[in-house]
Amino acid sequence: MPEPETGEARPAGSFAELVSAHSRVLYRIAFTVLRRASDAEDAVQEAFLAVCLGERWRQLHDPRAYLAQTVWRHAIRQRRAQLRQQELTIEITSRRPGPEQLAIGNDLSRWLQTRIDALPETLRLPLALSSAGDLKLVEIAHLLELPEGTVRRRIHDARQRLRRELAERAAPGAQNLQGE
C-alpha cells in the first residue's frame, strides 16, 4: 500500500479490519433498538463515521466497547426521532378522518338521530335543548316549566338509554338496529 502524503505508513487495512471485526455486533445492537434493517445500517455507519473522523480509531484502547456505545447512542437518538415523527403523524391523521371513518360516522349519526327521535318527548326535549349547548340547565328548566332536578334526571335518563342501545348495537352478534 502506498504511503500517504504525510510520510506516515498506515497499517494495511486497519480501518477496514475494524469495520469487518465489529460491524455484525454493532448491527445487532442497532437493530435491537430500531427494528428495521435500513435504520440499523444507518446507525452503524454513523458510529463508524464518528470514529473515522479525526482518526480516533487508531487511539481506541477497546474499540468494540467504544463502537458499541456510539452505535447505541445513535440508535437511541434515531428511535426517539422516529417516535416523535410517528406521534406527529398520528396527531395529524387523527384530525382528518378518512373515507371509512366518515362513512361509519355518517351511519352512526343517522342511527343516533333515529334513536333520539324514538325517545319519548319527556326525554327527547330536555336532551335536545341541552345538546344545543347554548342553554344552561336552569334555562332549560324554565323553558320546560319543570324543576331543575327533573330536567337533569331526564337528560341523564335519555343519555343512559342511548348508551345502552349503542352498546347493544356494538355488541358482537347484535342485530342491526339501523332499520328500527
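The values are calculated or read from the model by the stated rules, or taken from the named source; none is laboratory data. Just so you know, these numbers come straight off a predicted model, no measurement behind them. Using ideal geometry, Cβ is built from the backbone for each residue, glycine included, and neighbour counts are taken over all protein chains shown.
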Assigned to a helix (DSSP H, G or I), at pLDDT below 80 and β-branched (Val, Ile, Thr), is that true of Thr89?
yes
Please tell me if Glu100 is surrounded by 12 or more Cβ atoms within 10 Å (Cβ to Cβ), part of a helix (DSSP H, G or I) and either within 28 Å of the chain's Cα centre (by Cα) or at pLDDT 75 or above (or both).
no
Scanning segment 22-64 for residues that are hydrophobic (A, V, I, L, M, F, W, C), modelled with pLDDT of 80 or more and surrounded by fewer than 13 Cβ atoms within 10 Å (Cβ to Cβ), the one nearest to Leu83 (Cα to Cα) turns out to be Ala37
